[in-house]
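Note sheet for the following structure.
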Amino acid sequence: MSTVKADTIVASDGTSPVTLTKQQAAKAWATFNGTGTPAFRDSFNSSTLTDNATGDMTISYTNSFNGAGDYTAGGQVCHTGVTTTSYCLQPYSDSVLLTGSTRYSILYNTASSAGTADYTYCSTINQGDLA
C-alpha cells in the first residue's frame, strides 16, 4: 500500500490545473434531523444548521462557493414508510444560493393539502466551485 501526498497537482505541461472530467466530488453535503432542535447527523463542508421556521432551514458552509447562484443545491426527505404524501427539500428561492449558505424549504404535498413541515431525516448535496 502506498500514500500520495501533494499540495498541488498540475497537468503534464507543468503549469495548468488538472481538469477532472469523469468525476466530480460533492463540495458540501449534510444529513440532519429537522425536528425538535435541528442537528447534523453527519456533514461535509457544512458548519451551521439554522432553524428559521417550520420547514425552513439554512445551512452555512465552512468553505464558501465561488459565486452566489453558481452552484447546485438539492436535497431529499426520507419518510419511515410508504405514504400518499410527497416530500421535497429544495432551495427556498432563487435568491438564497449565497456563497456562504443556502436556505432550504422542506415541503409536503397530498391530494388535499400542501405546506412546510419539519422531518426527522433530511439530506442535502451541493456541487460547484469553491472560492
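The values are calculated or read from the model by the stated rules, or taken from the named source; none is laboratory data. Keep in mind the model is a prediction, meaning the values are calculated, not measured. All Cβ positions, even for glycine, are placed from backbone atoms using ideal geometry, and neighbour counts span all protein chains on display. We work out accessible area using only protein heavy atoms, side chains counted, and drop any ligands, DNA or RNA first. Shrake-Rupley method; radii C 1.70, N 1.55, O 1.52, S 1.80 Å.
Yes or no: SER112 of a type in the set (Ser, Thr, Tyr) and not in a loop (DSSP other than H, G, I, E, B)? Write out each step before concluding.
On the way: of a type in the set (Ser, Thr, Tyr): yes; not in a loop (DSSP other than H, G, I, E, B): no.
No.
The single condition among (1) over 13 Å from the mean Cα position of the chain (by Cα); (2) more than 17 Å from ALA26 (Cα to Cα); (3) modelled with pLDDT under 95 that VAL77 does not meet is (1). Within segment 47-66, residues that are open to solvent by 20 Å² or more (accessible area, probe 1.4 Å) reach partners that are basic (Lys, Arg) and not in a strand (DSSP E or B) with beta carbons closer than 8 Å, at six or more positions or on different chains, in the pairs ASN63/LYS27. Taken together, the criteria exclude GLY75 from residues that are under 15 Å from VAL96 (Cβ atoms) and in contact (Cβ under 8 Å) with a residue 60 or more places away in the chain. When segment 88-105 is filtered for residues that are in contact with a Phe, Trp or Tyr (Cβ under 9 Å, 6 or more places away or on another chain) and either open to solvent by 50 Å² or more (accessible area, probe 1.4 Å) or more than 15 Å from GLY67 (Cα to Cα) (or both), the ones remaining, listed by number, are CYS88, LEU89, GLN90, PRO91, TYR92, LEU98, THR99, ARG103, TYR104, SER105. GLN127 meets the conditions (1) part of a loop (DSSP other than H, G, I, E, B); (2) in contact (Cβ under 8 Å) with a residue 40 or more places away in the chain in every case but one. The failed one is (1).
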